[in-house]
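The values are calculated or read from the model by the stated rules, or taken from the named source; none is laboratory data. In this text the structure is predicted, and so the values were computed from the model without any measurement. For neighbour counting, all protein chains shown are included, and Cβ atoms are generated from backbone atoms with ideal geometry for every residue, glycine included. Areas reflect the complete protein model, heavy atoms only, side chains present, ligands, DNA and RNA absent. Shrake-Rupley method; radii C 1.70, N 1.55, O 1.52, S 1.80 Å.
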Amino acid sequence: MGVPVRHCSTVFALGLALCLGSLFVSESAEAASATRKKVAVESKARQTARPLVRKVAVKTRGKASSSKALIAAKRPKPSIIVPERLSYGQMFGLHATPDQLALKSSVALVVDQDTHEVLFSKNSRAVLPIASLTKLMTALVVTEAKLPLDQIITVTQEDVDTEKGSRSRLRVGTQLSREEMLHLALMSSENRAANALGRTYPGGLSSFVKLMNRKAQELGMRDTAYVEPTGLSSLNQSSANDLAVLVNAAYQHPIIRELSTSHAHEVDVGKQQLQFRNTNLLVRKSNWDIGLQKTGYIAEAGRCLVMQSRLAGRKLIMVFLDSNGKYSRIADAERVRKWIEDSPRLGGPASVSTAARVTGPY
């Protein structure tokens, strides 16, 4: 955008009123002759300088064009806003369910692990995609099979995610022990590690998935179904009630408790050392005593979290599904913790519910 230039023009007029005598006439003639010569010289000079002016003008226009092009290149391109994909819970209207803690999760359940008493329930029967919470069942099946944990497993092309196109730091050809694969699957939600665990199970991946579903039925998880061991598929579905049962079953195995709650783990991959961290920020907080945990996320499931934790002298199982916002599941867990610690009813029966009371184990 140019800067406006103000043009000022001033006209000076000089007139001779009288010509006195022949002397003045002669002088005027000589002056006129000199003026004509001066005009001729200036005209010639202008003609000589004109091509230079044109060249300068061309160069100037070129620089101006280059400057405009440079500015255009540096100018940020308009961003295209892609609407966020709705989760199943959002599509079903579950977020409209009110609760006294104003949780961002559309599904929540808090259960006393020892007495099975329901302290808090919100849409706990709703069946939704569970994302990487799936890996808790993957770990349970692998652990109960008592397969050698020191056996080396190689990541292959079959372990690459073709469902969501997610990235992994475990390249094809990476070799780790079964225990390290289990560690990364539980702690860092490593998808290739989880798929490799299922793929290398005796009988292959299809047999492993059948065992996952069989184990769910044995535990009474009637609203649960699995189609693969990572949770990348939205067809892996369950309810908060069923997941509380799964957390309790997995908690019985010390190795699952230990690996799921470790803060970080380093693995040697060739000449490299890769550092992995826990996906649950709460395991590093001193005011939390977490015995087992697992996080999960895909667009269809929203942010998910299951935990076993000791609060106010009670061992509690917490389930949060379809939380809206990157850190909202963590904030929901903090809200529940504060509510429990501040509640005067913790010494006796305490049940708050925005849905029907759970029947069965939980």
- Message: Among the numbered criteria (1) more than 30 Å from Ser177 (Cβ to Cβ); (2) modelled with pLDDT of 95 or more; (3) open to solvent by less than 80 Å² (accessible area, probe 1.4 Å), which one does Leu147 miss?
- Response: (1)
- Note on the structure: Within the stretch 96-125, the residues that are within 25 Å of the chain's Cα centre (by Cα) and open to solvent by 10 Å² or more (accessible area, probe 1.4 Å) are Ala96, Ala102, Leu103, Lys104
- Query: So, in the stretch 206-218, of the ones that are free of Cβ contacts under 8 Å to residues at least 40 places away in the same chain and not charged (D, E, K, R), which residue ends up least open to solvent (accessible area, probe 1.4 Å)?
  - Reply: Val209
- Message: I need the full set of residues from the stretch 148-167 which are over 16 Å from Lys135 (Cα atoms), in a helix (DSSP H, G or I) and in contact (Cβ under 8 Å) with a residue 24 or more places away in the chain, in order please.
- Response: Glu158
- Starting from residues that are of a type in the set (Asp, Glu) and modelled with pLDDT of 95 or more, keep the ones in the stretch 157-185 and report whichever is surrounded by the fewest Cβ atoms within 10 Å (Cβ to Cβ). Glu158
- Taking the stretch 325-336 as the region of interest, how many residues are in contact with a helix residue (DSSP H, G or I) (Cβ under 9 Å, 6 or more places away or on another chain), in a helix (DSSP H, G or I) and open to solvent by 30 Å² or more (accessible area, probe 1.4 Å)? 1
- Message: Give me the residue from the stretch 338-354 that is within 26 Å of Gly302 (Cα to Cα) and open to solvent by less than 40 Å² (accessible area, probe 1.4 Å) and, out of that set, modelled with the highest pLDDT.
- Response: Ile340
- Any chance you could count how many residues in the stretch 267-315 are farther than 16 Å from Glu334 by Cα, touching a strand residue (DSSP E or B) at 6+ places or on another chain (Cβ under 6 Å) and without any contact (Cβ under 8 Å) to a residue 40 or more places away in the chain? 2
- Message: Condition first: surrounded by 22 or more Cβ atoms within 10 Å (Cβ to Cβ) and in contact with a strand residue (DSSP E or B) (Cβ under 8 Å, 6 or more places away or on another chain). Now tell me which residues in the stretch 233-249 satisfy that.
- Response: Asn236, Ser238, Ser239, Ala240, Asn241, Leu243, Ala244, Leu246, Val247
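Only one residue in Gln275, Gln308, Gln293 is open to solvent by 60 Å² or more (accessible area, probe 1.4 Å) and either in a strand (DSSP E or B) or β-branched (Val, Ile, Thr) (or both), so which one is that? Steps first, please.
On the way: Gln308 fails: open to solvent by 60 Å² or more (accessible area, probe 1.4 Å); Gln293 fails: open to solvent by 60 Å² or more (accessible area, probe 1.4 Å).
Of the residues listed, the single one that is open to solvent by 60 Å² or more (accessible area, probe 1.4 Å) and either in a strand (DSSP E or B) or β-branched (Val, Ile, Thr) (or both) is Gln275.
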